[in-house]
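Below are the structure tokens for one structure; questions will follow.
The values are calculated or read from the model by the stated rules, or taken from the named source; none is laboratory data. The structure displayed is predicted, hence computed values, not measured ones. Cβ sites come from the backbone with ideal geometry, for glycine too, and all protein chains shown count toward neighbours.
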Amino acid sequence: AEVVRYADSEVTIRVDIAQTGILVFSDLYTKDWQAEVDGQAARLYRANYAYRGVIVPAGNHSVRFRYDPLSYRVGKYISVSGVLLLLLCGIHAVVSSWRQKRCAVLK
């Protein structure tokens, strides 16, 4: 096996094996890691109590581990929602101010 890419949230490994086996990657297992074999989602296993493992069929394959924590996704949606809410409040304030000035001019 050859590590092609190693980043904080993603690891890509090229594997060439003669028969189906389990690739054990000696990096900490958490439920927030996801695995793909040749771009298709694969089940991630806890291997040797602490590491990540994935079943790889015989042949030449690309295995990708991707870190995608739920807390990050929830935080991202909350942040985007907050920015949109502030933007809407700002638009509302500008429109209300414009209407009040317009009504004052018309009186």
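So, in the stretch 56-107, exactly how many residues are modelled with pLDDT of 90 or more and either of a type in the set (D, E) or under 30 Å from D16 (Cβ atoms) (or both)?
Within the stretch 56-107, residues that are modelled with pLDDT of 90 or more and either of a type in the set (D, E) or under 30 Å from D16 (Cβ atoms) (or both) number 12.
Which one is nearest to D32 (Cα to Cα) among residues in the stretch 95-107 that are hydrophobic (A, V, I, L, M, F, W, C) and surrounded by 10 or more Cβ atoms within 10 Å (Cβ to Cβ)?
V95
Conditions (1) assigned to a loop (DSSP other than H, G, I, E, B); (2) more than 20 Å from the chain's Cα centre (by Cα); (3) of a type in the set (K, R), marked per residue:
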{"site": "V4", "(1), (2), (3)": "no, no, no"}
{"site": "V11", "(1), (2), (3)": "no, no, no"}
{"site": "R14", "(1), (2), (3)": "no, yes, yes"}
{"site": "L23", "(1), (2), (3)": "no, yes, no"}
{"site": "H61", "(1), (2), (3)": "no, yes, no"}
{"site": "S97", "(1), (2), (3)": "no, yes, no"}
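So which of G75, G82, G53 ends up being surrounded by 11 or more Cβ atoms within 10 Å (Cβ to Cβ), in a helix (DSSP H, G or I) and under 22 Å from the mean Cα position of the chain (by Cα)?
On inspection, the qualifying residue turns out to be G75.
Condition check: under 18 Å from the mean Cα position of the chain (by Cα) and exposed (fewer than 10 other Cβ atoms within 10 Å of the Cβ). Does L70 satisfy that?
yes
How many residues does the stretch 2-26 contain that are closer than 20 Å to A58 by Cα and touching a residue at least 24 places away in the same chain (Cβ under 8 Å)?
Result for the stretch 2-26: 15.
Being over 22 Å from the mean Cα position of the chain (by Cα), surrounded by 12 or more Cβ atoms within 10 Å (Cβ to Cβ) and of a type outside the set (V, I, T) is the requirement here; does G90 meet it?
For G90, the condition - over 22 Å from the mean Cα position of the chain (by Cα), surrounded by 12 or more Cβ atoms within 10 Å (Cβ to Cβ) and of a type outside the set (V, I, T) - is not met.
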